[in-house]
Amino acid sequence: MYTAITTSLENAILLITINRPDKMNALNKTVLDELNSAIDEVYSNHAVRSAIITGAGAKAFVAGADISEFQGLKHNEGMDLAHKGQYIFKKIEDAPKPVIAAVNGFALGGGCELAMACHFRLASENARFGQPEVNLGLIPGYGGTQRLTQLIGKGRAIELLITGNMLDAATALQYGLVNYVVPQEELLPKAKSILELVNTKAPLAVGRCIKAANAVFDHTKDGFTEEVKLFGECFSTQDMIEGTTAFLEKRKPNFQGK
Ligand code: COA
């Protein structure tokens, strides 16, 4: 049913692959719409416990928004595009299940922004990160100015934003932009093995960890108050009873996500 992305579900992990390798997996309207639908599936499909976003081919994760769709756009249309990209990427960030980026090559512009909207990132050794919009007379519009600053700090973020320079994978690791750098053939196996571990944990607690961590950057919330609320909610779950009982009975818990 998708034309510009592919999805496959294995071991409760939804693998979402941006699939325009001849265009460096650039985010055109179709990719954005289909990505939006795939993220809706992460939210709504009970068989999905977590997701990986990656790019097709060995060269690019996503080399940005599709530049060919920018020409002729007016002020308001530019704002509409940014609203749409920000809406979808925030949906990724707010997902109640882990969504991680397996960055298999260039993650530029909207590609870097997509990776940063994910809960964390792994990179292959050939990955490159950057926000080259200034080369086009633009700035990032899908949350890049905000999330890059959150993830690597203001000085490093502004340098990258105003030079348009790319970071190699080793520097991205040093900056904390990615959690791991591995050879390309180990990228998906590594991402899957992390999520297979996460998928054994209490699903509602996993979702609440993400929500609490996201509250740090939500100016409408006090993160510590949010943590108290989410902690309290755990006590109303069957999984909390199961987890604590299983520990005391010295057996493995059987979580139902209830
Ligand atoms: N939008 C639209 N098309 C893109 C694209 C983008 N963001 N990035 C790459 N492509 C297309 C190229 O136009 C080319 O298409 P063609 O074969 O029909 O000419 C194809 O993908 C391959 O890209 P090419 O530039 O030939 O590959 P390369 O290996 O020489 O360079 C990059 C790779 C990623 C460094 C280079 O493509 C690039 O700089 N892309 C744009 C990055 C960018 O500015 N992103 C921010 C957008 S807001």
(message) I need to check one value: relative contact order of the range 1-58, counting alpha carbon pairs closer than 8 Å and at least 6 residues apart, in percent.
(response) 44 percent
(request) Would you work out if the range 5-198 is rounded, prolate or oblate? Take a ≥ b ≥ c from the square roots of the eigenvalues of the alpha-carbon gyration tensor; rounded if a/c is under 1.5, else prolate when a/b is larger than b/c, oblate otherwise. (result) oblate
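Please work out how much length the chain gains when fully extended from residue 222 to residue 11, using 0.36 nm per residue of separation minus the C-alpha to C-alpha distance, in nm with one decimal. Mind dumping the intermediate values first?
Numbers: separation 211, 0.36 × 211 = 75.96 nm, distance 3.57 nm.
Extending this stretch completely gives an extra 72.4 nm.
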(message) Shape verdict for the range 85-127, please, from the Cα gyration tensor: rounded (a/c under 1.5), prolate (a/b greater than b/c) or oblate.
(response) oblate
(message) Above 16 Å lies some portion of the pair distances; for the range 168-257, what is it as a whole percent of all C-alpha pairs?
(response) 68 percent
(request) Please give the FRET efficiency for residue 196 paired with residue 236, using the beta carbon to beta carbon distance and R0 = 45 Å, rounded to the nearest 0.05. (result) 0.95
(message) For a Förster distance of 22 Å, can you work out the FRET efficiency between the beta-carbons of residue 158 and residue 82, rounded to the nearest 0.05?
(response) 0.70
(request) Please turn the phi angles of the range 55-67 into ³J(HN,Hα) values with the Karplus equation 6.51 cos²θ - 1.76 cosθ + 1.60 (θ = phi - 60°), one per residue in order, whole Hz, x for glycine and proline. (result) x, 6, x, 9, 9, 10, 6, 8, 8, x, 4, 6, 4
(request) Could you tell me what percent of the accessible area of the chain is made up of carbon and sulfur, with a 1.4 Å probe and every protein chain present? (result) 57 percent
(request) Would you mind working out the accessible area per residue for the chain, using a 1.4 Å probe, and quoting it in Å²? (result) 52 Å²
(request) Step through the table entries 29/201; 23/97; 59/84; 23/201, compare each Cα-Cα distance with 32 Å, and write down the pairs that go over it. (result) 29/201; 23/201
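Does the range 1-103 come out rounded, prolate or oblate, given a ≥ b ≥ c as the square roots of the eigenvalues of its C-alpha gyration tensor, rounded meaning a/c under 1.5 and, failing that, prolate meaning a/b above b/c?
Taking the square roots of the gyration eigenvalues as a ≥ b ≥ c, the range 1-103 is oblate.
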(request) Working from Cα positions, state the angle (0 to 90°, nearest 10) between the long axis of helix 184-198 and the longest principal axis of the chain. (result) 30 degrees
(request) Counting only C-alpha contacts under 8 Å and six or more residues apart, can you give the relative contact order of the chain as a whole percent? (result) 16 percent
(request) Quote to one decimal, in nm, the extra length available between residue 125 and residue 150 on full extension: 0.36 nm per residue of separation minus the C-alpha distance between them. (result) 6.6 nm
(request) Give me the aspartates and glutamates in straight-line cross-link reach of residue 211: C-alpha distance below 19 Å, same-chain residues under 8 apart excluded. (result) 40, 41, 93, 94, 222, 226, 227, 233, 239
(message) Out of the GluC sites (Glu not before Pro) in the range 228-258, which ones are loop residues according to DSSP with at most 11 other C-beta atoms within 10 Å?
(response) 249
(request) Measure out, as a whole number of angstrom, how far apart the alpha-carbon centroids of the range 212-258 and the range 140-201 sit. (result) 27 Å
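The values are calculated or read from the model by the stated rules, or taken from the named source; none is laboratory data. All values derive from a computational prediction rather than experimental measurement. Cβ atoms come from the backbone with ideal geometry, glycine included; neighbour counts cover every protein chain shown. These accessible areas exclude ligands, DNA and RNA; they are computed on the full protein's heavy atoms, side chains included. Shrake-Rupley method; radii C 1.70, N 1.55, O 1.52, S 1.80 Å.
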